[in-house]
Amino acid sequence: MAFRFSRRLSCGAAAVLLAFCSQASARDLVIALKTEPSSMDPQYHALTPNTQISQTLFNSLVETDEKLQPQPALAESWSVDGKVWTFKLRPGVKFSDGSPFTAEDVVFSYDRIPKVPNSPSPFTLYLGAVAKTEALDPMTVRITTKELAPNLLVNLAQLPIMSKKAASGAAPEGKTTTELNSGNGLVGTGPYKFESWKRGAELVFSRNDNYWGPKPAWDKVVYRPMTNAAARVAALLAGDVDLIEDPPTDDLPKLKSNKKLFVEETPSVRVVYVALDQFAEPSPGVKGTEKNPMKDKRVREALSLALNRDAIVERVMGGVAKPAGNMLPYPMFGASKEHAQAPKADVEKAKALLKGAGYPNGFEITLGAPSGRYVNDAKVAQAIASMWTRIGVKTNVDAMAPPVFFKARDSYALSAYLAGWSVTSGEMANALASLLVTRNPEAGLGTTNRSRYSNPAMDKLVEQASGTMDDAKRAELLQQASNLAMDDYAMLPVHFELSVWAMKDDVRYKGRPDQTTLAQNATPKP
């Protein structure tokens, strides 16, 4: 079995008097991942499959707890005076190669982020407010922000600190993404260290004996990518793996009744949504019209009204989700009452809106979707396609392997696509700034706005919120901004996922609302 405890060997009484005799304990953990990370470079792709791996190798200045609130990590304490933040670093921290962690590593790590080329979802989103990072002395970092930055701490929690010594190199960014994928320069302060990566097969980490925190429970962690959910369940039942992500919703009753297994369910802050191209003319994947119909708000509203979100949750998701009317469930920070409930389906009104917009006979469109990235993603896409087809918008589904999907999405090859966003900060700001603010990658804004939606009035509200330290005022500004976006059908929220993990009964993993699977948080059953 992958998870094992060694058995104590019997010893003679005389030997016991001389020494304690036991077989060395060996504990390994094997995790079946639904999506393989696209890279080991911790600053290449701001995507959950990548970040959950990097958070096992690296630490940030601050890290979020199970309630997504920032807590001290590599920074032991901090203070703020207007736009100047001062961080006191944790003394005695070492990287996995034994070298000391200092303020220079923080400066190097933040300086590298905008230099990483070809990032599908850049980490510059989290550095947008930062004007300058300085090492005042080996154990003190000063960050000066462009304006007041109420979200700085939750943003810094997304930025792993690399070793300047190990990750420096000839390229502008130091060690390249290709080099880091091979393990060259992949040195962190986290609980585990990199051993090997065989793409499509397994990723192996071992315990970092230099780790500054509590000793990790496992000698070795092995990640096995298994995009097929049924295959993950089969591997768990066969004893080949100890912990799996997202078992099929149809299998949950069977898994919960199996006394050899344990199932963990946790409400998440991941919204699954449909993005609509509101820029290209004509739009790729649209047939039956030379125009881009999604530029018309009436068409976007019609596509939203066609969706029976309750049916998707009940029939496709097996109840393991909640219908969504916004990008964050109410009453979380920045979510408003106005869109707390998901809109109800209205097929006749949807048809009337299409007719009023000049599409009485509808049109044809292709809906892109990943297959295996989100819970039942391809099935959800098929359900949406049938609902759109019912109002006259003939919809084809192109379900792709996640890497292929994200490449197509990022190259603007899709007129409409199904995707998900995890609001790791626990408030609306990052979702708006990444998904819907007018695209400006240099400023770290609209970094995942692949629909190229643009609303200057909403942009202004988000900008105001980013410089408002008063929580009540900031929440009100974010509510106004999200209301503008939802009233404009800038994107179509479908549902919020309920995160599920299944594991052997001798393992426990407490789920997180950000849906990350962190090996360091898995423990043997008490």
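The values are calculated or read from the model by the stated rules, or taken from the named source; none is laboratory data. Fair warning: this is a prediction, and the values are worked out from it, not measured in the lab. Cβ sites come from the backbone with ideal geometry, for glycine too, and all protein chains shown count toward neighbours. Surface areas here come from the heavy atoms of the whole protein model, side chains and all, with no ligands, DNA or RNA. Shrake-Rupley method; radii C 1.70, N 1.55, O 1.52, S 1.80 Å.
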Of all residues in segment 491-526 being basic (Lys, Arg) and at pLDDT below 95, the one that is farthest from Leu68 (Cα to Cα): Lys525
Residue that is more than 30 Å from Gln479 (Cβ to Cβ), surrounded by fewer than 20 Cβ atoms within 10 Å (Cβ to Cβ), touching a helix residue (DSSP H, G or I) at 6+ places or on another chain (Cβ under 8 Å) and of a type in the set (Lys, Arg), where the choices are Lys355, Lys379: Lys379
Criterion: in contact with a strand residue (DSSP E or B) (Cβ under 9 Å, 6 or more places away or on another chain) and either among the hydroxyl-bearing types (Ser, Thr, Tyr) or open to solvent by less than 40 Å² (accessible area, probe 1.4 Å) (or both) - qualifying residue of Arg512, Arg508: Arg512
Selection status of Trp197, within 15 Å of Tyr509 (Cβ to Cβ) and either of a type in the set (Ser, Thr, Tyr) or touching a Leu at 6+ places or on another chain (Cβ under 6 Å) (or both): no
Check on Ala401, open to solvent by 30 Å² or more (accessible area, probe 1.4 Å), under 30 Å from Ile244 (Cβ atoms), among the hydrophobic types (A, V, I, L, M, F, W, C) and touching a residue at least 12 places away in the same chain (Cβ under 8 Å): yes
Residue under evaluation Pro117, criteria (1) open to solvent by 30 Å² or more (accessible area, probe 1.4 Å); (2) in a helix (DSSP H, G or I); (3) of a type outside the set (Ser, Thr, Tyr), criterion not met: (2)
Members of segment 421-457 that are open to solvent by less than 10 Å² (accessible area, probe 1.4 Å) and charged (D, E, K, R): none
Selection from segment 458-473 of residues that are surrounded by 23 or more Cβ atoms within 10 Å (Cβ to Cβ) and either in contact with a Cys (Cβ under 9 Å, 6 or more places away or on another chain) or within 11 Å of Ala149 (Cα to Cα) (or both): Ala465, Ser466
Test result for Asn59, modelled with pLDDT of 95 or more, more than 20 Å from Leu153 (Cα to Cα) and of a type outside the set (Lys, Arg): no
Residue within segment 416-425 that is of a type in the set (Phe, Trp, Tyr), at pLDDT 95 or above and part of a loop (DSSP other than H, G, I, E, B) present: no
Condition check for Asn326: under 12 Å from Val494 (Cα atoms), open to solvent by less than 10 Å² (accessible area, probe 1.4 Å), in contact (Cβ under 8 Å) with a residue 12 or more places away in the chain and under 28 Å from the mean Cα position of the chain (by Cα): yes
Strands (runs of 3 or more DSSP E) wholly inside segment 42-102 containing at least 1 residues that are open to solvent by 40 Å² or more (accessible area, probe 1.4 Å) and over 24 Å from Lys115 (Cα atoms): 70-72, 75-81, 84-89
Arg8 more than 30 Å from Lys198 (Cβ to Cβ), among the charged types (D, E, K, R) and modelled with pLDDT of 95 or more: no
Qualifying strands (runs of 3 or more DSSP E) (wholly inside segment 232-347; at least 1 residues being assigned by the TED database to the domain that holds Ser454): 261-276, 321-323
Wholly within segment 128-225, strands (runs of 3 or more DSSP E) carrying at least 1 residues that are under 20 Å from Leu61 (Cα atoms) and open to solvent by less than 60 Å² (accessible area, probe 1.4 Å): 130-137, 140-145, 192-198
Boolean, Leu243 is farther than 16 Å from Ser451 by Cβ, among the hydrophobic types (A, V, I, L, M, F, W, C) and buried (at least 23 other Cβ atoms within 10 Å of the Cβ): yes
Neighbours by Cβ (under 6 Å, 6+ apart or cross-chain): first from segment 446-469, under 18 Å from Tyr126 (Cβ atoms); second open to solvent by 30 Å² or more (accessible area, probe 1.4 Å) and β-branched (Val, Ile, Thr): Gly446/Thr438
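Name the residues in segment 292-321 that are more than 24 Å from the chain's Cα centre (by Cα) and of a type in the set (A, V, I, L, M), would you?
Met294, Val299, Ala302, Leu303, Leu305, Ala306, Leu307, Ala311
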